[in-house]
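Shown next, in structure tokens, is the structure this report addresses.
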Amino acid sequence: MGILDIGIVQSYIRMCEDGWQQGWHERNGGNLTYRMKKEEVAACRPFFYKPSEWVDMGVTGENLAGEYFLTTGSGKYFRNVALDPIHSIGIVEINPEGNAWRIVWGLKGGARPTSEFPSHFMNHSVRAEATKGECRVIYHAHPANLIAMTYLLPLNARDFSRALWKSATECPVVFPGGVGVVPWMVPGGAEIALATSQLMKKYDAAVWAHHGLFCSGPDFDTTFGLMHTIEKAAQIWVLVQSAGQGKVLQTIEDDQLRAIAKDFGVCLREEFLN
Ligand code: 2HA
Ligand code: ZN
């Protein structure tokens, strides 16, 4: 029995493989982090090695002090995660101040956590707060249709949420809160981390203009499902726009969105409806 036989590590690797299979992770694109439960840390602890030095993150999340995260590695390819986990992913521990990490397992050969770790960390911090600790997964991917939409629609939450809701009937049920939109920014730093985490106080998904999507959720299925549903809706939107050359004969009307929300017992963000 090794750490790779532990259920949570296997589920994490499976999600990376699923994202690769979807075509959302060209080269080293995208990243995945998971905030481990106490019992999962305990199961993995026998396999931890002597920790690395603490590395400052440039951002602070006091509510995440002492937590452990599974993370993809900076510059690592989702394509390789299942084939070579020990070099592609790792586990990091957060210091008591909530502003630095150290590696306790994986990321062999001098690898480091994802370049987007500050964004993931801040998103974990605000989502954990917003969901009373339920949120554990932050997932960033580069799904092509959603990125394409960011060239055609005004970069705001209302326009994106409405377009996606109206692209497929399940959408208002899967993400009734809509999606946030971050304008184009340089990736990898504290600035985009703070901008994204501001939106994640309200939304469980945030679009990065001309770059990709961040999703959050309590578990791998829900979070992967959110990414998958949003990208499928974006694909339909792009198909409709291209096939119809911008002309749309009919769509799901706002009162029909309200009717779905009522029957499925979800609270649609009313300020986005006409
Ligand atoms: O990990 O996706 O945003 C590579 C990226 C950066
Ligand atoms: Zn990216």
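Table for the structure above
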| quantity | calculated |
| --- | --- |
| Residue that is in contact (Cβ under 8 Å) with a residue 40 or more places away in the chain, closer than 30 Å to PRO143 by Cα, buried (at least 16 other Cβ atoms within 10 Å of the Cβ) and out of contact with any Ser or Thr (no Cβ under 8 Å at 6 or more places or on another chain), where the choices are ARG14, ARG35 | ARG35 |
| Candidate set: the range 179-196, residues that are in a loop (DSSP other than H, G, I, E, B) and within 12 Å of ligand 2 (Cβ to nearest atom); chosen: the one farthest from HIS211 (Cα to Cα) | GLY188 |
| Residues within the range 229-271 that are in contact with a helix residue (DSSP H, G or I) (Cβ under 8 Å, 6 or more places away or on another chain) and assigned to a loop (DSSP other than H, G, I, E, B), tallied | 6 |
| Hits in the range 197-210 - residues which are touching a Gly at 6+ places or on another chain (Cβ under 8 Å) and assigned to a strand (DSSP E or B) | ALA205, ALA206, VAL207 |
| Count of residues meeting criterion [more than 18 Å from TYR203 (Cα to Cα) and surrounded by 10 or more Cβ atoms within 10 Å (Cβ to Cβ)] in the range 256-274 | 7 |
| Test: residue in the range 24-37 that is modelled with pLDDT of 95 or more, over 22 Å from the mean Cα position of the chain (by Cα) and not in a loop (DSSP other than H, G, I, E, B) | no |
| Residue that is nearest to ligand 1 (Cβ to nearest atom), among those in the range 175-191 that are modelled with pLDDT of 95 or more and more than 29 Å from ARG258 (Cβ to Cβ) | PRO187 |
| Candidates ALA65, ALA43 - the one that is surrounded by 15 or more Cβ atoms within 10 Å (Cβ to Cβ) and over 18 Å from the mean Cα position of the chain (by Cα) | ALA43 |
| Residues of the range 201-254 that turn out to be on the phi > 0 side of the Ramachandran plot and polar (S, T, N, Q), as a count | 1 |
| Counted residues, the range 59-82 - those being away from ligand 1 (no atom under 16 Å from the Cβ) and of a type outside the set (Asp, Glu) | 8 |
| Of residues in the range 192-220 being among the small types (Gly, Ala, Ser) and more than 13 Å from the chain's Cα centre (by Cα), the one nearest to GLN235 (Cα to Cα) | ALA209 |
| Enumerated strands (runs of 3 or more DSSP E) restricted to the range 58-168, each holding at least 1 residues that are modelled with pLDDT of 95 or more, in contact with a helix residue (DSSP H, G or I) (Cβ under 8 Å, 6 or more places away or on another chain) and within 16 Å of ligand 2 (Cβ to nearest atom) | 68-72, 137-141 |
| Selection within the range 163-208 - of a type outside the set (A, V, I, L, M, F, W, C) and surrounded by 21 or more Cβ atoms within 10 Å (Cβ to Cβ) | LYS166, SER167, PRO172, GLY178, GLY180, THR196, SER197, TYR203, ASP204 |
| In the range 107-162, residue surrounded by the most Cβ atoms within 10 Å (Cβ to Cβ) [restricted to those that are under 15 Å from TRP184 (Cβ atoms) and among the aromatic types (Phe, Trp, Tyr)] | PHE160 |
| Selection within the range 16-41 - among the hydrophobic types (A, V, I, L, M, F, W, C) and within 16 Å of ligand 2 (Cβ to nearest atom) | CYS16, TRP20, TRP24, LEU32 |
| Where a residue in the range 184-195 is more than 8 Å from SER119 (Cβ to Cβ) and its partner, wherever it lies, is among the aliphatic types (A, V, I, L, M), with Cβ under 6 Å and at least six apart | TRP184/ALA209; MET185/ILE192; ALA190/VAL59; ALA195/VAL182 |
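The values are calculated or read from the model by the stated rules, or taken from the named source; none is laboratory data. What you are looking at is a predicted structure, and each value in this text was computed from that prediction instead of being measured. Cβ atoms come from the backbone with ideal geometry, glycine included; neighbour counts cover every protein chain shown.
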